[in-house]
Every structure is written in C-alpha cells, then in structure tokens.
1. Please compute the volume of the convex hull spanned by the alpha-carbon atoms of the chain and report it per residue in Å³.
2. In terms of Cα to Cα distance under 29 Å, which lysines are near enough to LYS8, apart from those fewer than 8 places away along the same chain?
3. Applying the Karplus parametrisation 6.51 cos²θ - 1.76 cosθ + 1.60 with θ = phi - 60° to the phi angles of segment 3-16, what ³J(HN,Hα) value in whole Hz is obtained for each residue in order, glycine and proline being reported as x?
4. Using amide H atoms built in the peptide plane, which far-off residues or other-chain residues are under 5 Å from LEU9 H to H?
5. Taking the Cα centre of segment 79-132 as the origin and placing charges on Cβ (Lys, Arg +1; Asp, Glu -1), which of SER121, PHE85, ASN98 is farthest toward the positive end of the dipole?
6. Give the angle, between 0 and 90 degrees and rounded to the nearest 10, that separates the Cα long axis of helix 147-156 from the longest principal axis of the Cα atoms of the chain.
7. Where a Cα-Cα gap under 20 Å defines reach, which aspartates and glutamates qualify for LYS12, not counting those fewer than 8 residues away within the same chain?
8. Using helices alone, I'd like the mean residue ellipticity at 222 nm for the chain: each DSSP H run of four-plus residues gives -39500 (n - 2.57), total over residue count, nearest 500.
Amino acid sequence: MSSFTPEKLSVKFIPPANSIKPIEGRRYTLTHSDITGELFLDIGFVYNYEAIDPEMRDEVLAQWEHDRRGHFKLIGQAYVDGGEFSKEVSRFRFDIFNKEMLTALKGMVYGDQRFFVYYPSLLNAPIYIFYESSYPEFNRVLYFGTPRQILNRIYNRY
C-alpha cells in the first residue's frame with residue numbers, strides 16, 4: 001500500500017449516506033489489495049464488514065465523533081491482535097499498520113473531499129487512531145494530524 005495513488009482509489013457510498021451526510025457517525029471502511037495496490041473506501045452510517053477479510057484483518061475503520069466540548073474528531077481503529085498472535089507477529093502487524101496509516105488516511109480524506117467542501121471546519125479536526133492489541137505496548141492511540149494536513153501531503157507530495 002505504501003504510496004497513495006488517487007487513480008487506485010475506489011469510493012462507494014453505502015445508502016442513505018452520500019457526499020454531504022451524515023456528519024456525526026459517518027463511517028469509513030478502508031481496505032486494500034496487496035496484489036494490485038488498489039484502495040477501496042466505503043462511506044456510510046455503518047462499516048462495510050463484508051469488505052473486511054476476516055483472516056487478514058488489515059482494514060482501517062474510522063468515524064466522526066464529538067468530543068466533550070462538542071468539537072468533531074475523526075477516530076479510527078486498526079486491529080493489531082486480540083490475543084491470537086504471538087508478540088512478534090503483533091509487533092510486525094503494528095509496525096506495518098503504523099507505516100501504512102498515512103496512506104490509509106490519505107485514501108479516506110481524499111476519497112471524501114466533497115464532504116469537506118460542505119463542512120470546511122472539519123479540515124482542522126484532529127485524527128486519532130486506536131491500535132487494538134492484547135499487548136500493552138501495541139495497544140495505543142496515536143495522533144495523525146488533521147484532514148487539512150493530510151490533503152496538503154497529497155497535493156504537495158511531501
């Protein structure tokens with residue numbers, strides 16, 4: 001997945017969601033093909049669990065939520081392990097997710113650009129990703145900037 005190529009991104013809306021609604025609870029399911037390098041983004045009120053490979057579990061899920069002060073933030077999750085993998089395998093999965101997360105977020109933000117035209121304040125919302133693991137050192141939350149910063153990386157290619 002390593003580099004983001006807009007031409008390799010496919011976006012699908014799960015009705016009744018569309019390019020302008022919902023805001024709160026808007027969910028992203030991002031999956032990919034290791035063979036073709038394609039990214040597949042589903043946007044809806046629900047996650048597209050049918051798109052998730054239950055053996056690989058290499059999807060990135062995210063949704064818009066309010067914080068305690070009423071500001072929106074994009075909260076994502078990556079499944080590292082649930083105890084079924086050794087610590088070494090979990091470390092490898094964590095490292096891969098961490099290495100590829102920016103590409104995944106580029107796919108989500110780029111794929112939903114029309115949404116940000118209607119809600120430009122969300123361009124400054126923080127993005128947090130929860131790495132889910134049974135090992136404490138991999139069970140963490142990391143900050144990945146804002147959608148504006150993600151788009152700047154796409155268009156400025158840095």
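1. It comes to 116 Å³ per residue, whole-number rounded.
2. The qualifying lysines are LYS21, LYS73, LYS99, LYS106.
3. Using θ = phi - 60°, the values come out as 10, 8, 10, x, 5, 9, 9, 10, 10, 9, 8, 9, x, x Hz.
4. LEU39
5. Result: SER121, furthest along the dipole toward the positive end.
6. Between the helix axis and the principal axis of the chain, the angle is about 90 degrees.
7. LYS12 reaches GLU24, ASP34, GLU38, ASP42, GLU50, ASP53, ASP58, GLU59, ASP112.
8. It comes out at -8500 deg cm²/dmol, rounded to the nearest 500.
Just so you know, all these numbers are worked out from the coordinates, no wet-lab data involved. Every value quoted in this text rests on a predicted model; they were computed, and no experiment measured them. Positions of Cβ are generated from backbone atoms using ideal geometry, with glycine treated the same way; all protein chains shown enter the neighbour counts.
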